[in-house]
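S.K.: What follows is a single structure, and I will ask about it in a moment.
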Ligand code: GRF
């Protein structure tokens, strides 16, 4: 049986991309990396795709008249590569409802907060400003609502006294993001995850009534 084809969409450093490619290479994600697509020609993450010999494509928004045209080109590129699983990994674009509908059930995203807390940007600063005791990251299916699709897997870490945006962000990245995204994609690649028509997540055929949780770091 052929492996599902995985596309990863990036705009920046690509630490999540590297973790996904490492896990795929190690056989932990049973998928064939088919494409790394970047919205920026100078995204540092593209180097990871080159290291693994994976085809890359750059689609820069400036080359398209509007968001609809960009997303149509994006969807066409993904369909041309027969992408079964599409992982948004720091892809800094808001997607049109039409794009999300067209690829529904195949689109995953990682977000650096304990969703539903802090959709959008500056999540680490917002968690610190709110005095949160815990912060983390979430992998979710992408739906039309920004950072609002059903959450599959989260991980949390205690906010430490003296944490800054940088220290907290780095801990969330290293201890949580780089673990939960490969894990969730491994489930998806093995056919264990599904998104139902009513936006619930099934893992092994059972409804997730709450996101799964990866605990990280020492208890404070
Ligand atoms: C990550 O924090 C991810 O959660 C967010 O954008 C960042 C991308 O970082 N969506 P990288 O490109 O994976 O290094």
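S.K.: Give the average over all directions of the projected area of the C-alpha convex hull of the chain, one decimal, in nm².
M.R.: Working: hull surface 49.6 nm².
Result: a mean projected hull area of 12.4 nm².
S.K.: Just from the alpha-carbon atoms, what are the Rg and Dmax of region 2-127 in angstroms?
M.R.: Spelled out, the Cα radius of gyration and Dmax of region 2-127 are 14.4, 43 Å.
S.K.: Could you give the length gained by full extension between residue 51 and residue 170, i.e. 0.36 nm per residue of separation minus their alpha carbon distance, to one decimal place?
M.R.: 40.5 nm
S.K.: Could I ask something else about it? Return 38, 11 ranked ascending by Cβ neighbour count within 10 Å, so the fewest neighbours appear first.
M.R.: Ordered from fewest to most neighbouring Cβ atoms within 10 Å, 38, 11 come out as 11, 38.
S.K.: Can you sort 66, 71, 147 by how many other beta carbons sit within 10 Å, fewest first?
M.R.: 66, 147, 71
S.K.: Per DSSP H run of at least 4 residues, take -39500 (n - 2.57); add these up for the chain, divide by its residues and hand me the 222 nm value, nearest 500 deg cm²/dmol.
M.R.: Rounded to the nearest 500, the figure is -8500 deg cm²/dmol.
S.K.: Kindly put 190, 138 in sequence by how many other C-beta atoms sit within 10 Å of each C-beta, fewest to most.
M.R.: With the fewest neighbours first, 190, 138 line up as 190, 138.
S.K.: Can you compute the radius of gyration and Dmax for region 10-58, using only the Cα atoms, both in Å?
M.R.: Computed over the Cα atoms of region 10-58, radius of gyration and Dmax are 10.1, 29 Å.
S.K.: Could you tell me what fraction of 2.2 N^0.38 Å the Cα radius of gyration of region 123-220 comes to, as a two-decimal ratio?
M.R.: 1.16
S.K.: In a GNM of the chain with a 10 Å cut-off on Cα contacts, which of 157, 123, 167 has the highest mean-square fluctuation?
M.R.: With Cα springs under 10 Å in the chain, the top fluctuation among 157, 123, 167 is at 167.
S.K.: Can you give the percent of C-alpha pairs in region 72-134 whose distance is more than 17 Å? Please list the in-between numbers first.
M.R.: Details: 987 of 1953 pairs.
It works out to 51 percent of all Cα pairs.
Each value in this text was obtained by applying a stated rule to the coordinates, not by laboratory testing. Everything quoted here is computed from the prediction, not taken from an experiment. Counting neighbours? That spans all protein chains shown, and the Cβs are built from the backbone with ideal geometry, glycine included.
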